[in-house]
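The values are calculated or read from the model by the stated rules, or taken from the named source; none is laboratory data. What you are looking at is a predicted structure, and each value in this text was computed from that prediction instead of being measured. For neighbour counting, all protein chains shown are included, and Cβ atoms are generated from backbone atoms with ideal geometry for every residue, glycine included.
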Amino acid sequence: MVICFRTANAVDPAMERAVADAVDRGCLDPAAARRLIAAEAPLLLLLLEAASLVRERRSGRTITYSRKVFLPLTNLCRDQCAYCTFVRRPSDPRAHTMTPEEVLAVAEAGRAAGCKEALFSLGDKPELRYASYRQWLAARGYSRTIEYLRDMCALVLEQTGLLPHANPGVMSEDDLALLRPVTASMGLMLESTSERLLERGGAHRGCPDKVPAVRLATLEAAGRLRVPFTTGILIGIGETLEERVEALYAIRELQDRYGHIQEVIVQNFRRKPDIRMRDWPEPTLLDMLRTIAVARLILGTTTAVQAPPNLMPDGYEAYLLAGLDDWGGISPVTRDYINPERAWPHLRELKARTEASGLQLRERLAVYPGFIRRGEEFLDPAIRNRVAALVDPGGLVPREKELW
């Protein structure tokens, strides 16, 4: 197939061929990716045009989002990421683990507001670090956080009908199997494949669960168990541009092997006054555009590419030009506990700005249409039946049930 680009004039012919090959074959050559991640005009324009074309092949003119309620089950964690404002130590008065009553109350509020997804976010294995938290779990009959999470997912699923999506950190194959019957999907951000970030002064110093091989092992275990999975990269935390590319190829390799990754998030670091990296430079909109577009060309049509709209409010239209096809979870009820200073966009605004780019915004569930169509492979029977009742023949929320 011959690809002709409007913006190809004055671009190195070798790069034009590499980009055209990526559009045609569904995956970008690594050498080209390393050049494109730092592209300037006119090569940048070629990159964006190609990314938009691949996005259109994957999802047409439809951009999706999930209407969710955010459940921060516990903000205790054994890791000490230099950019995290979510995690608290037990001595901090803001440290909190939600009770079943609190979980159910927030989930009910989400259900009343039309949410379909219950996003469980929590710290990674805090019981391995804090004796007081181990005692809190033991008093309720649990030895591990993952067991408590399992029961809270089941509670929300049974009592409200919301579909749980669980982000508990690094998981073993047994952990994934425990959660699979009570979740529609799960996730773990790869963040980076850079080992340097674990060194003294690095963003992942003091974080045993941020070792790249450990996180990749969770992604691979999820593939073996056929779990619809979310992952992604966090940019601007000290990684090089080449390391960003390496992380994206690591995700693509697992996707080629197992086909279970339903979305890849490109998330930008944002400074906060109470983190160790409070003076660290933030990625620019240009950084995000290049990275989203390169991610789209590396991943091809195999998975959705997502970026949080609340972390770059002036980037909506530009993100769409870069090949994004999903806005992620948006909550009309709860704040973004990971980035509490960044309010979610109003859905009417998101819809208007998406449509202004000539695209349509549609609501999806915590599990994507392609995985719903292959539900016998990817979904537990109890989850599969609940999902089927919530979607139209295309696997999205019916238009008449969307609330703007």
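Of everything in the stretch 337-385, what is of a type in the set (Asp, Glu) and either without any contact (Cβ under 8 Å) to a residue 40 or more places away in the chain or assigned to a helix (DSSP H, G or I) (or both)? Give them in sequence order.
Listed by number, the residues that qualify are Glu349, Glu355, Glu376, Glu377.
Could you list, in sequence order, all residues of the stretch 173-193 that are surrounded by fewer than 22 Cβ atoms within 10 Å (Cβ to Cβ) and assigned to a loop (DSSP other than H, G, I, E, B)?
Residues satisfying the conditions are Met189, Thr193.
Just one of the numbered conditions (1) surrounded by fewer than 21 Cβ atoms within 10 Å (Cβ to Cβ); (2) within 22 Å of Thr183 (Cβ to Cβ); (3) among the hydrophobic types (A, V, I, L, M, F, W, C) is not true of Phe371; which one?
That leaves (1) as the condition not met.
Going by what's in this entry, would Cys115 be described as without any contact (Cβ under 8 Å) to a residue 40 or more places away in the chain, of a type in the set (A, V, I, L, M, F, W, C) and buried (at least 22 other Cβ atoms within 10 Å of the Cβ)?
no
Has the stretch 314-321 got any residue that is in a loop (DSSP other than H, G, I, E, B), among the small types (Gly, Ala, Ser), in contact (Cβ under 8 Å) with a residue 12 or more places away in the chain and outside the structural domain of Ala51 (by TED's automatic domain parsing)?
Within the stretch 314-321, not a single residue is in a loop (DSSP other than H, G, I, E, B), among the small types (Gly, Ala, Ser), in contact (Cβ under 8 Å) with a residue 12 or more places away in the chain and outside the structural domain of Ala51 (by TED's automatic domain parsing).
Contact list please: Cβ distance under 7 Å, first residue in the stretch 280-295 and closer than 24 Å to Ala22 by Cα, second residue of a type in the set (Lys, Arg) and surrounded by 23 or more Cβ atoms within 10 Å (Cβ to Cβ), pairs at least six apart or on different chains.
Matching pairs, first to second residue: Thr291/Arg244.
Have a look at Ile265, Ile292, Ile251 and point out the one that is aliphatic (A, V, I, L, M), over 20 Å from Pro212 (Cβ atoms) and in contact with a Gly (Cβ under 9 Å, 6 or more places away or on another chain).
From the options Ile265, Ile292, Ile251, the qualifying one is Ile292.
Which residue is surrounded by the fewest Cβ atoms within 10 Å (Cβ to Cβ), if the candidates are limited to the stretch 248-278 and must be without any contact (Cβ under 8 Å) to a residue 40 or more places away in the chain and more than 22 Å from Arg25 (Cβ to Cβ)?
It comes out as Pro273.
Answer yes or no as to whether Gly238 is buried (at least 22 other Cβ atoms within 10 Å of the Cβ) and not charged (D, E, K, R).
no
Against the condition more than 26 Å from Arg144 (Cα to Cα), out of contact with any Asp or Glu (no Cβ under 9 Å at 6 or more places or on another chain) and either hydrophobic (A, V, I, L, M, F, W, C) or surrounded by 20 or more Cβ atoms within 10 Å (Cβ to Cβ) (or both), how does Val245 come out, does it pass?
Here the answer is yes, as Val245 does meet what is asked.
What number of residues in the stretch 374-404 are surrounded by 15 or more Cβ atoms within 10 Å (Cβ to Cβ), under 15 Å from Gly161 (Cα atoms) and hydrophobic (A, V, I, L, M, F, W, C)?
Residues flagged as surrounded by 15 or more Cβ atoms within 10 Å (Cβ to Cβ), under 15 Å from Gly161 (Cα atoms) and hydrophobic (A, V, I, L, M, F, W, C) within the stretch 374-404 amount to 5.
Select from the stretch 139-178 the residues that are of a type in the set (Gly, Ala, Ser) and over 23 Å from Tyr368 (Cβ atoms) and list them in ascending order.
Ala139, Gly141, Ser143, Ser172
Restricting to the stretch 92-105, name every residue that is under 15 Å from Ala154 (Cα atoms), surrounded by fewer than 19 Cβ atoms within 10 Å (Cβ to Cβ) and touching a residue at least 12 places away in the same chain (Cβ under 8 Å).
Pro100, Leu104
Every residue in the stretch 126-158 that is crowded, with 18+ Cβ neighbours inside 10 Å, assigned to a helix (DSSP H, G or I) and not aliphatic (A, V, I, L, M), please.
Pro126, Glu127, Tyr133, Trp136, Thr145, Tyr148, Arg150, Cys153
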